[in-house]
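The values are calculated or read from the model by the stated rules, or taken from the named source; none is laboratory data. All values reported here derive from a predicted model rather than from experimental measurement. Here the Cβ positions follow ideal geometry from the backbone for every residue, glycine too, while neighbour counts run over all protein chains shown.
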Amino acid sequence: MDSSNNRHILPKPSVKSHRLPNSSSPSQNTPSQHFSRRISVIKTVWIKSLNLPSLQKFTLSFLSVNRLVVDADPSLQVLEYLGKKGYNRTEAMLRKESAHQDADGRPIITRVEDSGGAKLTNSLDLLRTWIEDNLDLYKPELRRLLWPVFVYSFLDLAAEYYTRECEQFFLTYKDPFVREHEDDIRALTPIRLPQHLEDSHVAQVYRNNKYRLTLSVMAFNNLIQFLESKDREGGAVIIAILTNYMQIFTVDRAAAGNERSIAAILAKTGADEDLPAEDEGIPGHNPGSANTDRNAPPVLAKLSLGLLPLEPELQDDVRAQIQEEDAKNPPKPGRNSLLEEYEQRIKREPTDDVPSRDTIPLPPSLARDVAMEVQKVIEHRDRFKIGGRTGGVGPGVSVTMFTFHNTFDSINCIDFSGDNLLVAAGMAESYIRVWSLEGKALPSALPPNPLDPSPPSSSRRLIGHSGPVYAVSFSPSIATPNFVGPSTAPQYLLSCSADKTVRLWSLETWSCLVAYRSHDNPIWDVTWGPHGHYFLTGSNDRTARLWSTDHIEPLKMYVGHDNDVDCVCFHPNNLYVFTGSCDKTVRMWHISSGNALRLFTGHSGNVTAIACSPDGKTLASADDVGAIFLWDLDKGRRKKRMRGHGKGGIWSLSWSVESTVLVSGGADGTVRVWDCLQEMTESTGKVVAEGGAGTKIDGSGKGSGAAGKGGVKGKEVGVSADQISAFPTKKSPVYKVAFTRMNLVLAGGAYMP
């Protein structure tokens, strides 16, 4: 044969050359060695059967054969081999393991809950998509599910060490919740590991409590049917979250009243859809009830909201003094006498829900108390009357604004005295300054100091605190009556500070009388009771405490808030106290028993101001996102929400004498007047909510201006129809607003150029 042809003839392969090293016989080989030998023999058989004319064709065929053999499923070949050799148990085990694996040996996922960290992402996407594709009738209440599902999914990822998935999940889904839950989002941002959960107060609050939510029966049934139908796609994961972390109550739409009626839902604006229900959140509770037990009955404690009656002896003394005043100054034609006004006032007071004076011990009445009660009757008769519904367009309430200049942002708080003659400001430099609003010299009961020849000044500085002063409060007072009698000017001033103390100052000697110590942290607010003698404080230690001027230690401690107690106030009858907190709740407490009687939830921001109406039936509360809520104390339900202030905080609220008009002031640099009787909730316009160049703003107009302290420049805020008017300042955040007994408004703030 020609040598040129011999070049293309393959040598006869030797079977021995394809045996595995160190293999003496097939019976001694392991299954893996047999499998390798089988592949080798197959290659040999294919090569022997080829009769190719050229090396190139041989090479291509060899590669094709090799690819066919290698691409074959090796697991099937192994199973076939094990079956032939009688390794039945090994074959059964391998078949079981291979049933849920792909060709590369990875497990085949048939349920979302088996997909590790991605299960929570897929489940939330499933729920969001379904809610947005649902009927408009059910969307508002179903959207309330997204926040708790997001929070508990995120916390589960951190608890299970899915660090990367936890971070990606949070960044992907947090944006829709920032507006309503800004503080919680900020607190949850650094959480990635189980150790972070232990260190986060917010995380512990969510993990140790169940999130309460109320859904209509139809919406809840639709939700469960959908989740069960999507069991493998993520429905089982959502059901597990609802079961383990949430407490869902269902209500019949027809039995729930107008609040959940179809007409009310369709009439809501976009802003109203974001408003949480009164019983939603942590701690969950029946509307108005302070009992957060999940099995608590929907029964509210009965309240005594009537005004505290005067002592019989005091009533007789006041009536005698009024008769004497009528004899000296007869009323003008068409005007009631003081006695008629007094009798009408007593008749208007309810008698069935008034508290007993034995429940609230007060010092014996003095001649000063008689003079104050007589002056109250005079001012009540002569006041500017605000009667009936205002309709959102009047009446024209007058506001006097006192602006403090050159403060260099050192003023923390302001308060006006009840006789409208003094104003006090607490400073960041740890002192208090008191001014005369009339510019007159402030007298002192102490003899003049011969070493200080300077004339009396119209202001006094009170030094004693060792930290910034956060609140000041004048003792109850009223304008001094015309008749000769004891002075009704304020006698004392209270102040609280970062130094954890409350100080009682004498306004006669301008000196500190007592320093009260009990709180463990800085004290944010202090206020006098309506009859003096008692005062209330709220602190960073999450408690409020009741004090009396004649005791160095607190009389009661009110514990229940999950965060700082930022603002406090008394009920007009002195039987109840109110506290507002950074936990976005307002609580009502019995002054003597210390029990929480009402719990009001629904704020989407920190509660920054509260005020009870003079008739004792309504509470107003405001937050740092610019919303004001009115609460019905007897029913424990929200009456309405009023919007108009810009973001940054509403720092002060005050009611008119008739309890029909509310005035507010805050960081946006405006003083706003609200109609509290109007029941409309829809928005009628938009306004730039910051204080500006003096343009008057009302519910039907627009205005603009520069931002005050804490305001968001250029941001438009919806204004509700119950705003009567708004008075912008010129770059002056409003720290304090106060209705006088004559229905005039005083306001105070610091100019911030």
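Take the residues in the range 630-642 that are assigned to a strand (DSSP E or B) and surrounded by 23 or more Cβ atoms within 10 Å (Cβ to Cβ); name whichever of them is modelled with the highest pLDDT.
If we filter the range 630-642 for residues that are assigned to a strand (DSSP E or B), which is where we start, we get 630-632, 637-642.
Applying the additional criterion that residues be surrounded by 23 or more Cβ atoms within 10 Å (Cβ to Cβ) yields 631, 642.
On the way: 631: 95, 642: 92.
The qualifying residue modelled with the highest pLDDT is 631.
When only residues in the range 203-221 that are within 28 Å of residue 193 (Cβ to Cβ) and touching a residue at least 60 places away in the same chain (Cβ under 8 Å) count, which is surrounded by the most Cβ atoms within 10 Å (Cβ to Cβ)? Applying the filter and picking the extreme gives 211. Just one of (1) within 30 Å of residue 370 (Cβ to Cβ); (2) modelled with pLDDT of 95 or more; (3) not small (Gly, Ala, Ser) fails for residue 508. It is (2). One residue stands out in the range 581-610 among those that are of a type in the set (A, V, I, L, M), closer than 22 Å to residue 205 by Cα and without any contact (Cβ under 8 Å) to a residue 60 or more places away in the chain: the one that is surrounded by the fewest Cβ atoms within 10 Å (Cβ to Cβ), namely 586.
Report yes if residue 343 is modelled with pLDDT of 75 or more and farther than 22 Å from residue 589 by Cβ, otherwise no. The answer is yes for residue 343.
From the set of residues in the range 522-580 that are of a type in the set (Gly, Ala, Ser) and within 18 Å of residue 498 (Cα to Cα), which is surrounded by the fewest Cβ atoms within 10 Å (Cβ to Cβ)? Spell out the reasoning first.
In the first step, residues of the range 522-580 are kept if they are of a type in the set (Gly, Ala, Ser); the result is 529, 532, 538-539, 544, 548, 560, 580.
Now narrow it down to the ones that are within 18 Å of residue 498 (Cα to Cα): 538-539, 544.
On the way: 538: 30, 539: 25, 544: 29.
Top of the filtered list is 539.
From the list 188, 193, 142, 155, the lone residue that is surrounded by fewer than 17 Cβ atoms within 10 Å (Cβ to Cβ), aliphatic (A, V, I, L, M) and modelled with pLDDT of 90 or more is 193.
Could we say that residue 479 is at pLDDT 95 or above and either closer than 22 Å to residue 742 by Cβ or in a strand (DSSP E or B) (or both) here? No; evaluated as a whole, the condition is false for this residue. Within the range 438-456, residues that are closer than 17 Å to residue 508 by Cα reach partners that are among the β-branched types (Val, Ile, Thr) with beta carbons closer than 8 Å, at six or more positions or on different chains, in the pairs 442/434; 444/509; 445/509; 446/509. In the range 497-521, the qualifying residues are those that are surrounded by fewer than 20 Cβ atoms within 10 Å (Cβ to Cβ) and of a type in the set (Gly, Ala, Ser), and the one that is nearest to residue 582 (Cα to Cα) is 498. Of the residues in the range 563-576, at least one is outside any strand (DSSP E or B), without any contact (Cβ under 8 Å) to a residue 60 or more places away in the chain and out of contact with any Asp or Glu (no Cβ under 7 Å at 6 or more places or on another chain). Residues of the range 232-253 that are under 14 Å from residue 122 (Cα atoms), touching a Leu at 6+ places or on another chain (Cβ under 7 Å) and either surrounded by fewer than 16 Cβ atoms within 10 Å (Cβ to Cβ) or of a type in the set (Phe, Trp, Tyr) (or both): 233 alone. Among the residues of the range 737-752, those identified as under 19 Å from residue 646 (Cβ atoms) and surrounded by fewer than 22 Cβ atoms within 10 Å (Cβ to Cβ) are 751, 752.
Restricting to the range 419-460, give me the number of residues that are part of a loop (DSSP other than H, G, I, E, B) and either modelled with pLDDT of 90 or more or under 45 Å from the mean Cα position of the chain (by Cα) (or both). Please lay out each step first, then the result.
Here is the first cut: in the range 419-460, the ones part of a loop (DSSP other than H, G, I, E, B) are 419-421, 428-430, 437-458.
Okay, now just the ones that are also either modelled with pLDDT of 90 or more or under 45 Å from the mean Cα position of the chain (by Cα) (or both), so 419-421, 428-430, 437-442, 457-458.
Result for the range 419-460: 14.
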